[in-house]
Structure formats: C-alpha cells, structure tokens
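Novice: Before we start, here is the structure in question, set down as structure tokens.
The values are calculated or read from the model by the stated rules, or taken from the named source; none is laboratory data. Worth saying up front: this structure is predicted, and the values here are computed from it rather than measured. For neighbour counting, all protein chains shown are included, and Cβ atoms are generated from backbone atoms with ideal geometry for every residue, glycine included. Keep in mind that these areas ignore ligands, DNA and RNA; they rest on the heavy atoms of the full protein, side chains included. Shrake-Rupley method; radii C 1.70, N 1.55, O 1.52, S 1.80 Å.
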Protein chains: 2
Amino acid sequence: MNHGGPPDDTVDVRWHAHAVTRADRERATGHKGCVLWFTGLSGCGKSTLANAIDQRLNARGVRSFVLDGDNVRLGLNAAPALLTERHGAEFAKRFGLGFSAQDREENIRRIGAVAELFSQAGIIALTAFISPYRCDRDAVRAVLAPGDFVEVYVKAPLAVCEGRDPKGLYKKARAGEIKGFTGIDDPYEEPLSPEIVVDSASRPPDELAAEVIAWLERAGKIAARPA
Amino acid sequence: MNHGGPPDDTVDVRWHAHAVTRADRERATGHKGCVLWFTGLSGCGKSTLANAIDQRLNARGVRSFVLDGDNVRLGLNAAPALLTERHGAEFAKRFGLGFSAQDREENIRRIGAVAELFSQAGIIALTAFISPYRCDRDAVRAVLAPGDFVEVYVKAPLAVCEGRDPKGLYKKARAGEIKGFTGIDDPYEEPLSPEIVVDSASRPPDELAAEVIAWLERAGKIAARPA
C-alpha cells in the first residue's frame, strides 16, 4: 500500500526531520500566505486584475503567483486529449477533465488544493477562474486554514462582459454553438459574503488592484507600504 | 465550454495584462526555480533529506517547498474515503486515488504538475515520493522545462531500509498483509541517469544535504555561498 500511491512515504525516525514551518517562512518574508480567489463572469477581468496585483506584490518583494487557465489546463487539469498520448485512452478518460458538472467540480477542487499548498508555502496564490458555483467555492474555503480564503468577487454586468467578449465566446453561446455557458444558459451564483467586491465595469484595473492591496494591508496579510 | 471547466477564462484584450514572468521572479530572488525529485525505497530517507535541504535553502533566503505524502494525501491526491463526504461517492470513486497501477500513475502525474507550477513560480520544489517506476518519473521530466527536473536517487540497500522500517510496513509486507510493496513484491526501478545519487546507508543526512546544495550551486540554480 505504500509503493507509489498515497500515502507512499515513510520517515526514518532515527533521522531528525528539520522541517521549515509555515510560520518560519512567514517570519522570514514578513508577509502571510493566503489565497485570493477571484470569481466572476467570463470577461469580467479576473485574470487581468490578478496579474496586476501579482505585479504590484512582486515589486514589493511579496511572494505571489497566479493560477489560471493558462497554467493549469495544459498540466494538472489537462483535457483527456492531452493525456492520451503519454498515459493511454483509459487513463485519460478517467482523470482528464472535460466540461461535465463532475469534471468542473474536480477542476475547482484540484485548483483549491494547489492554492492551499502555495498558501502553506507562505505564498499569496491568486486564482482566476469563473468558478460559478457557490458550493465549489465554499468547498475550497472549507479545506483552507481559517482566514486563508479571500473571495474576491469581480463584479460586472453581463452586458458589459458580453460587450467585451474578447474570444467571441458569448457570441457562440448566444448562437447555441456552446452549451452551458455561464451567464447565458448556465447560472453564475454570486458570492453571498465575499471578503472583497470590486466593480470592474466602471473602474480601471489599476484602481481595483490598489483596493485589493489595501485590503491585504488592513487584514495584516502584507506589511503596509512605507510612506 | 468555458463556464468553470478548463479552459474557463478569457482575457479582456482592452486591459493590459501585467504578467510577472518567471525570469522576473528569478532575477528578483537571485536563484532559479526547479524540481528536486527524490526517489528511492521506503525508509531510504527521502523526506528527511528533502526537509534538511529545505531548511538550508530557507536559511539562505532561497524559496523552496517540500511536497510529500503529508501535504498531498489529505488534499490534492486524497483517497476516495476523504472525498466522499463533500463530493459524493461517485465523484470520490472516479477522482480519489487508491493503490491501483492507474491511481499510482495519476498520483505521480499530479505531483509532477504541481511541482512544475512551483518551478514556474521560481521556487525550488522538493518532492519526496518512492515513485518506483521509471516511466512515471520520465513523464514528469518530459512535462518540465529542460533542466528543471533534477532526479535525486536516494540510494540504500533494501536490507538497510527494511532494518529501519519506522512504520513497520516492511514487516507487514513480508507477512503478506500488504501486497505490491516496493522492494518486496513490487519492483523499484533504479534511475538510469539521475542528476544526483546520494548514499543514505553510510552517510548522515547533513552531509547528503550539503552535497545536493553544492550540486545546485555548480548547476547555477542558486548562488554560491559567500565564503
């Protein structure tokens, strides 16, 4: 039972394990780890905002990292087609993620688990996924340490997001070429009590980023910037 | 297709994305990201060695993090039983990881994908899993950027590992209570050309840790320590 599957390792008790704790890491860097979980409609600007904040944090020496479709959909949460060549069709069918309700649930679960590892490493993880279902977001909140899950609702009316439609996805959804598209024929469940709400329809990303940074300072996640 | 499952996000092209690149992060910290992939028999000291190195790197201000059974088996790679309450039995059966060959393959694949994300974040990820099969380790090597996969074979004779047997697992395997145990009734496939081999049977962890640190310096992953 311990030969490659989890749990698959043992610790030799005669060797002292010099584990670096999360508190050690946070003391050394002067900031806390946490997860900024951006949620909102397609086109609301989650990824743009997350990257703007990542840049500001990086410039201040705060350790942060953005998890988004660009870096999980080719690896951790790859579609079946991407896994077939290396792992075979049966494996790909079971573990590759498509678009069923169950697959979307697992997509968010894995992202939450990875964000949790980053927060344990003392890093501020910024996740940018539509994550339309309250229960999936709440499940991530539940696996994180208290206070680590910071839900950021990037709010913009559907009409604004649809007006941007950078990839033409809303157009395809309206034409019926994409089924189950959030906001069109699948619901977006607004957060009931998010830690942060930002209005991306009427204010530019720089202002929103400054707002989130100020929240992190007030919450004691990062040090206030010296005047 | 883009409502919570991957790929599930869009970028508003009218907003400029200020992405922090890996090179930016590595310039700021003065060291490279990579994956130190520790492999070897149960009881060979992978986890102890990884933690000793993590401590030394942390003391030098190098960003590193250990991935091992302790932090992945309750979250990312949880067993079915752990997923059932929150996600239901059917979901848990599909995505929860047990001990079949397929499950062990997916266990290592997910760990590799997460280690890759850490390396992209400019962090040195240290993974401590038996990972007995060459093909699984090689699959991780293949998804990482060239030079990022540093295979560390923690070598010790079976008799030494079995003599330590901190959790009594070898004893159970010999008694037939555990089936498919690496080294007993399941093979351990030695790395053919690992970047680093350390002899954990005859030398203490501090010496082995120093050896790996010296390798990282020579390879240009971290700065040489000022004399």
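Novice: What number of residues within segment B:184-223 satisfy the criterion of being open to solvent by less than 70 Å² (accessible area, probe 1.4 Å) and closer than 16 Å to B:Arg56 by Cα?
Specialist: Total meeting the criteria: 15.
Novice: OK, next. Taking B:Ala159 and the conditions (1) within 8 Å of chain A (Cβ to nearest Cβ); (2) surrounded by fewer than 17 Cβ atoms within 10 Å (Cβ to Cβ); (3) farther than 30 Å from B:Arg63 by Cα, which numbered condition does it fall short on, given that it satisfies the others?
Specialist: With (1) within 8 Å of chain A (Cβ to nearest Cβ); (2) surrounded by fewer than 17 Cβ atoms within 10 Å (Cβ to Cβ); (3) farther than 30 Å from B:Arg63 by Cα applied to B:Ala159, the lone miss is (1).
Novice: Related question: Taking B:Val66, is it modelled with pLDDT of 95 or more, in a loop (DSSP other than H, G, I, E, B), hydrophobic (A, V, I, L, M, F, W, C) and buried (at least 17 other Cβ atoms within 10 Å of the Cβ)?
Specialist: Answer is no for this residue.
Novice: Between B:Asp185, B:Asp199, B:Asp206, which is more than 8 Å from chain A (Cβ to nearest Cβ) and either of a type in the set (Lys, Arg) or touching a strand residue (DSSP E or B) at 6+ places or on another chain (Cβ under 8 Å) (or both)?
Specialist: After applying the criteria, what remains is B:Asp199.
Novice: Name the single residue, out of those in segment B:169-194 being under 22 Å from the mean Cα position of the chain (by Cα) and of a type in the set (A, V, I, L, M), that is modelled with the lowest pLDDT.
Specialist: That would be B:Leu169.
Novice: While we're here: Quickly run through segment B:97-140 and pick out the residues that are over 18 Å from B:Asp68 (Cα atoms) and open to solvent by 20 Å² or more (accessible area, probe 1.4 Å).
Specialist: The answer is B:Ser100, B:Ala101, B:Gln102, B:Gln120, B:Arg134, B:Cys135, B:Asp138.
Novice: Given the conditions (1) within 9 Å of chain B (Cβ to nearest Cβ); (2) surrounded by fewer than 19 Cβ atoms within 10 Å (Cβ to Cβ); (3) in contact with a Gly (Cβ under 8 Å, 6 or more places away or on another chain), and given that A:Ser42 satisfies all but one, which numbered condition is not satisfied?
Specialist: For A:Ser42, the exception is condition (2).
Novice: With A:Gly45, A:Gly61, A:Gly75, A:Gly33 as the choices, which residue is closer than 21 Å to A:Asp103 by Cα, touching a helix residue (DSSP H, G or I) at 6+ places or on another chain (Cβ under 8 Å) and not hydrophobic (A, V, I, L, M, F, W, C)?
Specialist: A:Gly75
Novice: Being of a type outside the set (Val, Ile, Thr), over 22 Å from A:Ile53 (Cα atoms) and at the interface with another protein chain (Cβ under 8 Å from one of its Cβ atoms) is the requirement here; does A:Ala142 meet it?
Specialist: Answer is yes for this residue.
Novice: A further question on this structure: Looking at (1) farther than 30 Å from B:Thr48 by Cα; (2) more than 8 Å from chain B (Cβ to nearest Cβ); (3) at pLDDT 95 or above; (4) surrounded by fewer than 18 Cβ atoms within 10 Å (Cβ to Cβ), which is the one condition that is false for A:Leu74?
Specialist: (3)
Novice: Moving on. Of the residues that make up segment B:69-87, is at least one outside any loop (DSSP other than H, G, I, E, B), touching a strand residue (DSSP E or B) at 6+ places or on another chain (Cβ under 7 Å) and at negative phi?
Specialist: no
Novice: Let me ask something else about it. Keeping to segment B:118-135, report how many residues are more than 12 Å from the chain's Cα centre (by Cα) and facing chain A (nearest Cβ under 10 Å).
Specialist: 7
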